[in-house]
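Some notes on the structure that comes next.
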Amino acid sequence: MDLSQDTRNILGLQLPTDPRWVNLAEKSMAEILTDHAWCEQKAATTCISLIQRYSDKEKMVAELSPIVTEEWGHFRLVLAELEKRNLALGKQRKDEYVNALLIFQKKGGHINDRFLDQMLTMALIEARSCERFKRLSEGLNDPYLQKFYRRFMESEAGHYTLFLELAETYIDKEKVRRRWKEWLDYEAGIIRNLEVRGDRIH
């Protein structure tokens, strides 16, 4: 996937990250690395939870199993980067962005509706993470960290599309597209209203 094109065209995101975020993040790399580590850890454990909850969906189980390994590998990579910089893994923080997304998920109704929203939530988190990693890979002044985040950017792009493809495997494609549009509009509102902070990935 060519991520040199406009992020909104590639990822579908309706609102780009505030340009000030990268400058703030560069001043808080210890906090960014800690938050990044926890994001990767949560991605791995969420995929495990999805496998447990929807074990009857064979394609999903087969596709998410290697993602668990990959996300945990990412956690270890970021943890190694912290250790290299003589930084300890800080405490996990409350993720305001993800919590706001969870509010939009359908909690009742048919199990397929809940499954769809869970897949789309994961797709959005991966898409926004990809966009943030792209900003870091292009905006940081440290060439090493630019390459470091380019690697994560490319990985997250693949994950984003996987969750959309899994949704379309089990749910009518038109329904997926309609709901995805609703999610994109909702996510733009979250980004618009969240405080711009340089100590977190989202």
### Task
Spot the failing condition for Met153; the list is (1) farther than 22 Å from Asp18 by Cα; (2) at pLDDT below 95; (3) crowded, with 16+ Cβ neighbours inside 10 Å; (4) touching a Phe, Trp or Tyr at 6+ places or on another chain (Cβ under 8 Å), and only one is missed.
(1)
#### Entry: Residue check, Glu187 surrounded by 14 or more Cβ atoms within 10 Å (Cβ to Cβ) and within 30 Å of His110 (Cα to Cα)
yes
#### Entry: Among the candidates Arg177, Arg135, residue that is in a helix (DSSP H, G or I), surrounded by fewer than 19 Cβ atoms within 10 Å (Cβ to Cβ) and out of contact with any Leu (no Cβ under 7 Å at 6 or more places or on another chain)
Arg177
### Query
What helices (runs of 4 or more DSSP H), lying completely within the range 7-61, carry at least 2 residues that are under 18 Å from Gly73 (Cβ atoms)?
29-53
### Task
Look at the range 138-178 and say how many of its residues are farther than 16 Å from His74 by Cα and of a type in the set (Gly, Ala, Ser).
2
### Message
List pairs: first residue in the range 184-202 and over 20 Å from Tyr160 (Cβ atoms), second residue among the polar types (S, T, N, Q) anywhere in the structure, Cβ distance under 8 angstrom, at least six positions apart or on different chains.
### Response
Gly198/Asn23; Gly198/Ser28; Asp199/Ser28
### Task
Go through the range 84-124 and count every residue that is assigned to a helix (DSSP H, G or I), farther than 15 Å from Glu165 by Cα, in contact (Cβ under 8 Å) with a residue 60 or more places away in the chain and not aromatic (Phe, Trp, Tyr).
4
### Query
Could you say whether any residue in the range 143-150 is among the hydroxyl-bearing types (Ser, Thr, Tyr), touching a helix residue (DSSP H, G or I) at 6+ places or on another chain (Cβ under 8 Å) and closer than 16 Å to Ala43 by Cα?
no
### Query
Is at least one residue of the range 129-149 of a type outside the set (A, V, I, L, M, F, W, C) and under 28 Å from Asp172 (Cα atoms)?
yes
### Query
Using beta carbons and a limit of 8 Å, which pairs, at least six apart or on different chains, have the first residue in the range 40-61 and within 16 Å of Ile201 (Cβ to Cβ) and without any contact (Cβ under 8 Å) to a residue 60 or more places away in the chain and the second one among the charged types (D, E, K, R) and not in a helix (DSSP H, G or I)?
Lys42/Asp95
### Query
Consider Lys106 against the criteria (1) touching a helix residue (DSSP H, G or I) at 6+ places or on another chain (Cβ under 8 Å); (2) under 28 Å from Glu138 (Cα atoms): it satisfies all of them except one. Which criterion is unmet?
(2)
### Query
Out of (1) among the small types (Gly, Ala, Ser); (2) surrounded by fewer than 17 Cβ atoms within 10 Å (Cβ to Cβ); (3) under 21 Å from Thr121 (Cβ atoms), what's the single condition that is false for Ala80?
(3)
### Query
Looking only at residues in the range 83-119 that are in contact with an Asp or Glu (Cβ under 8 Å, 6 or more places away or on another chain) and within 25 Å of Thr17 (Cα to Cα), which one is surrounded by the most Cβ atoms within 10 Å (Cβ to Cβ)?
Leu101
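Mind counting the residues in the range 190-201 that are buried (at least 19 other Cβ atoms within 10 Å of the Cβ) and touching a helix residue (DSSP H, G or I) at 6+ places or on another chain (Cβ under 6 Å)?
3
The values are calculated or read from the model by the stated rules, or taken from the named source; none is laboratory data. Since we're looking at a predicted model, the values are computed, not measured. No Cβ is skipped: glycine too gets one built from the backbone with ideal geometry, and neighbour counts run over all protein chains shown.
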